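J.: Structure below; questions to follow.
What follows is calculated from the coordinates using simple rules that are stated; it is not laboratory data. Since we're looking at a predicted model, the values are computed, not measured. Cβ atoms come from the backbone with ideal geometry, glycine included; neighbour counts cover every protein chain shown.
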Amino acid sequence: MAAVFLVMLYEYSPLFYISVVSLCFVITAAMVLGWFGFDVPVILRSSDETDSVLPVPEKRMVQVTNPFSLEMGMSGLASVTEGVSLHPCCLEPCVLSCYWGCGVYALQGALQTHQHCPIKLSTPQLFQEALHFKYHYCQKFNINGDNKEDFHTKMPEDLGITDFGLLPRECYPLVALLTLSQPEARDTYNIVASVTVLHVPDDKYRLSARILFQYLLTAQGNMYELKPLFMSAESRGFLGVTDPVPEVLAEAQELQTEKEELAGVEDEEWSGEGNSRDCVVCQNAPVNRVLLPCRHACVCDGCVDRFQHCPICRAFVLESFTLQAPEDQDEVEEE
């Protein structure tokens, strides 16, 4: 029908009118696509539409002091038969409990117990009872507040365990629990325990050793999942991310009840003109906003409301939160 109309228009009208009708058709189609939520090329958008982008809502974050930090040790290769080195760093004396072959459903049940039962998992004994002792071996270490050494945990050879079977598995290779050893310290800190799920390679699954999940348990029965931020390597030191025991901003997450594949998340780095500490958009102000859900830290406070898509990965931005308060930024600039 449209083709017949254009042919008749070409036969009975000058070429100028055909061009005008075609241009109107393109503009009308672009407006209709924009109304229905489809992306429209920037060249077809008016300046009023660009200026009327809705501001990205700022997510309300809770700043708490995290007394626990746990990283993979740098000494030796990790495996189920040879063990693994862990590097804890705590503000107070604490206990590191290593549970080898901890059941997936047992761990999920223990975390749900902490959330929904009046008894909170603030000690290794309570955590073991919540697990219903569904693990192969447990090893504990007492750690001082100024600890700077690695702790090597390993299953006894007489257990005869060299792997945890083929996928899908019913147990995690290693679950590390950090709890405060002094009762008075548990009343001082809102966070009472840190649960770290680690993958340790064996002959059946050779994925390199890495941290899969980290959860912080609070005295009120809440659970926060620690997730990495994707930012430039030079920005980490500037924002205080390299501090082993920082005051963290934890995003509350509901625990998933379905089993997930073992997969690690690597930090991203990107290059661009100017200083990597600066906003990737204006290259003038320091990076101070984290975009959600992609977790890219790449824009400043002034540019965050100008985009609905992340400048790095083009993911749709739902929320954002601030890395540093304005007064903290002024102190850093003065230094």
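J.: Residues with beta-carbon under 15 Å from that of ASN147, excluding ASN147: net charge, scoring Lys, Arg +1 and Asp, Glu -1?
T.: Values: positive: LYS140, LYS148; negative: GLU71, GLU92, ASP146, GLU149, ASP150.
Cβ neighbours under 15 Å give a net charge of -3.
J.: Follow-up question, since we're still on this one. Give me the percent of Cα-Cα pairs in segment 54-114 that sit more than 15 Å apart, rounded to a whole number. Don't skip to the answer; put the middle values down first.
T.: On the way: 1326 of 1830 pairs.
Distances greater than 15 Å cover 72 percent of the Cα pairs.
J.: Using the Kirkwood radius built from alpha carbon pairs, what does the Stokes-Einstein equation give as D for segment 160-221 at 25 °C and 0.890 mPa s, in µm² per second? Intermediate results must be reported in sequence, preceding the final value.
T.: Numbers: Rh = 13.7 Å.
Reported coefficient: 180 µm²/s.
J.: How would you order 95-103, 152-160 from highest to lowest mean count of nearby Cβ atoms within 10 Å?
T.: On the way: 95-103: 23.3, 152-160: 13.6.
Highest mean packing first, the order is 95-103, 152-160.
J.: Now for a separate question. Can you list residues from other chains, or at least 5 along the same chain, whose modelled amide H is less than 5 Å from the amide H of VAL64?
T.: Distant-sequence amide H within range of VAL64: VAL248, ALA250.
J.: Could you give the length gained on full extension between ASP163 and TYR137, defined as 0.36 nm per residue of separation minus the Cα-Cα distance, in nm?
T.: On the way: separation 26, 0.36 × 26 = 9.36 nm, distance 1.36 nm.
Stretched out fully, the ASP163 to TYR137 stretch lengthens by 8.0 nm.
J.: Apply the Karplus parameterisation 6.51 cos²θ - 1.76 cosθ + 1.60, with θ equal to phi minus 60°, to every residue of segment 114-129 and state each ³J(HN,Hα) to the nearest whole Hz, in sequence, with x for glycine and proline.
T.: 5, 7, 10, 9, x, 7, 9, 7, 9, 9, x, 5, 5, 5, 4, 5
J.: At a 10 angstrom cut-off on C-beta neighbours, averaged per residue, how do the peptides 302-315, 210-223 rank from highest to lowest?
T.: Details: 302-315: 15.9, 210-223: 17.9.
Listed from highest to lowest mean packing, they are 210-223, 302-315.
J.: May I ask you to order 289-299, 170-180 by the average number of other C-beta atoms within 10 Å around their residues, highest value first?
T.: Working: 289-299: 22.1, 170-180: 23.8.
Peptide ranking by packing, descending: 170-180, 289-299.
J.: Have a look at VAL64, SER85, GLN220 and report the one farthest towards the positive end of the charge dipole of segment 63-226, computed about the Cα centre with Cβ charges (Lys/Arg +1, Asp/Glu -1).
T.: Of the options given, the answer is GLN220.
J.: Same structure again: Would you give the gap between the C-alpha center of segment 117-151 and the C-alpha center of segment 214-230, rounded to a whole Å?
T.: 17
J.: Let me ask you something else. Please say if segment 116-219 is rounded, prolate or oblate, where rounded means a/c under 1.5 for a ≥ b ≥ c the square roots of the C-alpha gyration tensor eigenvalues, and otherwise the choice is prolate for a/b larger than b/c and oblate otherwise?
T.: Prolate, since a/c reaches 1.5 and a/b exceeds b/c.
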